[in-house]
1. Determine which single condition Asp234 fails, assuming it passes every other condition in (1) surrounded by 23 or more Cβ atoms within 10 Å (Cβ to Cβ); (2) part of a strand (DSSP E or B).
2. Just checking: which of the strands (runs of 3 or more DSSP E) contained wholly in segment 251-292 hold 3 or more residues that are under 17 Å from Thr52 (Cβ atoms)?
3. With respect to Thr117, determine if the residue is part of a loop (DSSP other than H, G, I, E, B), of a type in the set (Ser, Thr, Tyr), over 27 Å from Ala158 (Cα atoms) and more than 17 Å from the chain's Cα centre (by Cα).
4. Starting from residues that are in a helix (DSSP H, G or I) and in contact (Cβ under 8 Å) with a residue 60 or more places away in the chain, keep the ones in segment 175-208 and report whichever is surrounded by the fewest Cβ atoms within 10 Å (Cβ to Cβ).
5. I'd like the full set of residues that are under 15 Å from Ile262 (Cα atoms) and assigned to a helix (DSSP H, G or I), limited to segment 217-231.
6. If I ask for residues that are surrounded by fewer than 24 Cβ atoms within 10 Å (Cβ to Cβ), hydrophobic (A, V, I, L, M, F, W, C) and in contact (Cβ under 8 Å) with a residue 12 or more places away in the chain, which ones from segment 142-174 would you list?
7. Of a type outside the set (S, T, N, Q) and out of contact with any strand residue (DSSP E or B) (no Cβ under 9 Å at 6 or more places or on another chain) - does that describe any residue in segment 140-156?
8. As an exercise: evaluate Gly106 against (1) surrounded by 15 or more Cβ atoms within 10 Å (Cβ to Cβ); (2) in a loop (DSSP other than H, G, I, E, B); (3) free of Cβ contacts under 8 Å to residues at least 60 places away in the same chain; (4) not hydroxyl-bearing (Ser, Thr, Tyr) and give the number of the one condition it does not meet.
Amino acid sequence: MRSPRALIPLLSVCAAAAVVAAAATGTSIEGLPGGGGPAHADGAAEPPPAVTINAVTWNVCGGPGCPSGAAPAKLTKQVVQRMRSTEVGGRKVRTNAVLLQEVCEGHVRTFKKTMDTWTWAFAASPDGGSCAQGQGKAGVAIGTDKPLIGTRQAKLPAPADRTRIALCGEVPSWATRVCVTQLSPAEGNEWRQKEARALTTLAGTGRVLVGGDLADSPDSPALDPLYTAYDECDQSGASRTGAKTRQNWQGTAVEKTDYLFITKSAAVSCSVPSARTKASDHRPMSAEIRFT
C-alpha cells in the first residue's frame, strides 16, 4: 500500500496541444470529448470540489479460454460482489468506479440490471473473440456510480494485423476523465510504447484515472509515457514497483501487469489481494484516490 502524499494544485494544458500530440503518434481520437485535454473547466474557472474515488481495475477473464469463460453467471456474481465492496489498506470501502477487461457484453448487461444506479460503457475488442453461452463479444468496460458521459472508443497504434482500443469517458460530478484498455504482450516494446503514449494523450490532463491490463512489467521502458505523465497507484515514490497481479495456472502471482494511473497531485492508497483469485488469471487491484 502506498501512503497518501501531499497534494498540490492541478494544472491544465490546452486541449489543442493534446490533439497535435495524438496526431504525431498516429492515434485515432475518434471524437473523444476535450481532445484529451483537462476533464474540468478551463484554468480561469473555480477548481472542482474535492472528491474521493474508490476504483477497481480487473482483467476478469470472462472470454474464450478463461477460467470462468463457461460460467458467466458465476463470474458476474463475483464481479458484482467486488463492485459493492472492495478492500484498500485493510479497510472495506464502497466502490465508485470499475475498469474491466476481457469482460463480455452479456456480463455488462447483467451489471446494468444488478447495479441499476450505475452508468456503464462497453467497447468490444476487435481481437477479443466471442464469449460462451450467448454472452456476445469480449472487450473492456467502465462502470461508475455517478453519471458517465461522452464515452467513446479510440484505436491505439498497433501492428497491421492487430487492433487495440481504449475506452474513455467523463464523470462531471468528479471532474474526472476515466479510461480503460487492454494491451497484448505480442506487440513488443516499440509498439506498446506507442500505445502508452497514445493512451496518455487520450486521457489528457487534469483529474485522470487510467487503468487496465497493460501486458508489461513496471520497469519496462514501454510504459515510460504513462509513468512520466501520471503516478501509478502501487508505486513506491519514484520507484516503479507494485504487487503482482497476474497469476499462473497454479494461482501463484507471478507478475504485475495491471495498473491504475492517476494525476500526480492526488493522494492514493492501493491494494492487491494476497490470496489466489479463482475466477480469473488476474487479481483485482483496488485504490482509494483523493482529488482536491
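The values are calculated or read from the model by the stated rules, or taken from the named source; none is laboratory data. This is a predicted model, so every value here is computed, not measured. Because the Cβ atoms are built from the backbone with ideal geometry, glycine has one as well, and the counts that use them run over all protein chains shown.
1. The one condition Asp234 does not meet is (2).
2. 267-271, 285-291
3. yes
4. To start, the set of residues in segment 175-208 that are in a helix (DSSP H, G or I) comprises 189-203.
Now restrict to residues that are in contact (Cβ under 8 Å) with a residue 60 or more places away in the chain: 194, 197-198, 201-203.
Values: Lys194: 20, Arg197: 24, Ala198: 28, Thr201: 27, Leu202: 30, Ala203: 26.
Going through the qualifying residues, I end up with Lys194.
5. Passing the criteria: Leu223, Asp224, Pro225, Leu226, Tyr227, Thr228, Ala229.
6. Leu148, Ile149, Ala158, Ile165
7. no
8. It is condition (2) that Gly106 fails.
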